[in-house]
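The values are calculated or read from the model by the stated rules, or taken from the named source; none is laboratory data. All values derive from a computational prediction rather than experimental measurement. All Cβ positions, glycine included, derive from the backbone under ideal geometry; neighbour counts span all protein chains shown. With ligands, DNA and RNA removed, areas are computed over all heavy atoms of the protein, side chains included. Shrake-Rupley method; radii C 1.70, N 1.55, O 1.52, S 1.80 Å.
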Amino acid sequence: MHKGFALWFTGMSGAGKSTLSQRIYDRLKAQGARVELLDGDEVREHLSKGLGFSREDRDTNVRRIGFVAQLLARNGVIAITAAISPYREARGEVRARIENFVEVFMDAPVSVLAERDVKGLYKKALAGEIAHFTGVSDPYEAPVDPDVRCDTASEPIAESEAKVWAKLEELGLIE
């Protein structure tokens, strides 16, 4: 049915990484695939507890997620990650270590993300009340050439899902 690979969702907070990765996970699982979902919030709680939000700590978090994804992928499991992973260099390191790596950029402008934000985090960050908030007071380095780009400000989730699925088929990672 499939090879082991890493499907890496990156984008700012609220861009739809968790939502789309869960949809892809559910679809793969329903087809009998061996698949694991590594959500950034859960990984921070269980694998990267104690890390802060400095560049070094964020890169360490991405490398840890990448290490787990690499182990899963080389053992025939699909590793889906949903993590902001704000820096290109750290994402590039992970890509270089994983044979079958597919990067999905969940793209939306801060103005749209702030409108969606039910917790009010963007409002607080824009007011200077939250330090080190990715895309506001800390950088987010968008992928230069992602395998898939989902414009979550304008395309429906089903369209984004179809784009990811088509790319996986095109690459021969799923049937």
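Quick look at the numbers
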| read-out | value |
| --- | --- |
| Failed item, numbered, when Tyr87 is tested on (1) of a type outside the set (Gly, Ala, Ser); (2) surrounded by fewer than 21 Cβ atoms within 10 Å (Cβ to Cβ); (3) under 21 Å from Pro156 (Cβ atoms) | (3) |
| Count - residues of region 18-50 that are exposed (fewer than 14 other Cβ atoms within 10 Å of the Cβ) and hydrophobic (A, V, I, L, M, F, W, C) | 1 |
| Condition broken by Val104, with the remaining ones in (1) buried (at least 19 other Cβ atoms within 10 Å of the Cβ); (2) modelled with pLDDT under 95; (3) aliphatic (A, V, I, L, M); (4) under 28 Å from Asp26 (Cα atoms) satisfied | (2) |
| Among (1) within 19 Å of Arg88 (Cβ to Cβ); (2) open to solvent by 60 Å² or more (accessible area, probe 1.4 Å); (3) of a type outside the set (Lys, Arg) - the single one Glu141 does not satisfy | (2) |
| Given (1) in contact with a Gly (Cβ under 9 Å, 6 or more places away or on another chain); (2) open to solvent by 10 Å² or more (accessible area, probe 1.4 Å); (3) not acidic (Asp, Glu), number of the condition Ala82 does not satisfy | (2) |
| Those residues of region 106-126 which are in a helix (DSSP H, G or I) and either in contact with a strand residue (DSSP E or B) (Cβ under 8 Å, 6 or more places away or on another chain) or acidic (Asp, Glu) (or both), in sequence order | Glu115 |
| Meets criteria (open to solvent by less than 30 Å² (accessible area, probe 1.4 Å) and touching a helix residue (DSSP H, G or I) at 6+ places or on another chain (Cβ under 8 Å)) for Val148 | yes |
| Neighbours by Cβ (under 7 Å, 6+ apart or cross-chain): first from region 113-126, in contact (Cβ under 8 Å) with a residue 12 or more places away in the chain; second β-branched (Val, Ile, Thr) | Leu121/Ile130; Tyr122/Val110; Tyr122/Val136; Ala125/Val136; Leu126/Val136 |
